1. Could you list all residues from segment 55-79 that are outside any loop (DSSP other than H, G, I, E, B) and under 12 Å from the mean Cα position of the chain (by Cα)?
2. Please work out which one of (1) open to solvent by 80 Å² or more (accessible area, probe 1.4 Å); (2) modelled with pLDDT of 90 or more; (3) charged (D, E, K, R) is the condition Asp121 fails and give its number.
3. In segment 74-94, what count of residues is obtained for those that are open to solvent by less than 40 Å² (accessible area, probe 1.4 Å) and under 18 Å from Ile188 (Cβ atoms)?
4. Considering segment 170-182 alone, what residues qualify as being touching a residue at least 24 places away in the same chain (Cβ under 8 Å) and at negative phi?
5. Do we find that Ala97 is over 24 Å from Tyr170 (Cα atoms) and either loosely packed, with under 14 Cβ neighbours inside 10 Å or in contact (Cβ under 8 Å) with a residue 60 or more places away in the chain (or both) in this structure?
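The values are calculated or read from the model by the stated rules, or taken from the named source; none is laboratory data. As the structure is a prediction and not an experimental result, all values here were calculated from the model. Cβ placement follows ideal geometry from the backbone for every residue including glycine, while neighbour counts extend to all protein chains displayed. Areas reflect the complete protein model, heavy atoms only, side chains present, ligands, DNA and RNA absent. Shrake-Rupley method; radii C 1.70, N 1.55, O 1.52, S 1.80 Å.
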Amino acid sequence: MNLSLTGYGGAFGRKAKRLSVCGHGSYHMACHSLIIMTKVHPNATVPVAAPPAINGSSAVLTVWKKSLLFNCDGFTVFDAKGNLVFRVDNYMSHNKAQIVLMDASGNSLLTIRRKKLSLGDCWLVFDGETAMNPRFSVRKNINLLNTKCLAHVISPAGKPESVHVIEGSYAQRCCAMYDENRRQLAEIKPKEAAVRGVAFGMDVFRLIVQPEFDMTIAMAIVIILDQMFGSSTISLRRL
């Protein structure tokens, strides 16, 4: 299998070239990430942007809580065919107040920012890399009587009120988002290993998005849930 780093476009290709110049050790570690990537999704190839769910069917994404870039925190997301759909490459691993969700080519789709001076844990989501007029916010549930609820997704001020609720357990990768009519919009579930001899921990899971819901928004909500309830531990292990 040919896993050429320099064949990757955008920031990933440039990063690979820098690694090859800086030293073989870093380059080999980046190659190792690519090899693990093929175990997370056996059909994974070069990054190709994938379309939303088609023919009215749900989109099933594989989410890997790891950046493909060396020494970065983030996420790598594949569609059902193994194409790279979304990326999060956070160079500032110690500062999670702002996170950018990108497409396969490294173009900024949404920017997620923690709301300052907020009662409770609240995050705002903006188009591209803007800082004006958030598309929506996600607020962590603080009602101790409703332990099933994790967070609420709320439309911004000035727009018709729309509240989606997220219920379940993100720590167990078993939760779902519902609209105001209790219709399920997206669901997080554990991913069963399809490769013999490999078991996935909680950092590799499935995101199932209904056709009427935006995959980009669903992934942004996953990132926020990880900030609220997640752990930075990578748990892919060999049996």
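1. Across segment 55-79, the qualifying residues are Leu61, Thr62, Val63, Trp64, Asp73, Gly74, Phe75, Thr76, Val77, Phe78.
2. (1)
3. Of the residues in segment 74-94, 9 are open to solvent by less than 40 Å² (accessible area, probe 1.4 Å) and under 18 Å from Ile188 (Cβ atoms).
4. Passing the criteria: Tyr170, Ala171, Gln172, Cys175, Met177.
5. It is false that Ala97 is over 24 Å from Tyr170 (Cα atoms) and either loosely packed, with under 14 Cβ neighbours inside 10 Å or in contact (Cβ under 8 Å) with a residue 60 or more places away in the chain (or both).
Let's see how each residue does on (1) closer than 20 Å to Phe213 by Cα; (2) touching a Leu at 6+ places or on another chain (Cβ under 6 Å); (3) surrounded by 11 or more Cβ atoms within 10 Å (Cβ to Cβ):
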| residue | (1), (2), (3) |
| --- | --- |
| Phe126 | yes, no, yes |
| Glu129 | no, no, yes |
| Phe136 | yes, no, yes |
| Leu144 | no, no, no |
| Leu150 | yes, no, yes |
| Val165 | yes, no, yes |
| Gln172 | no, no, yes |
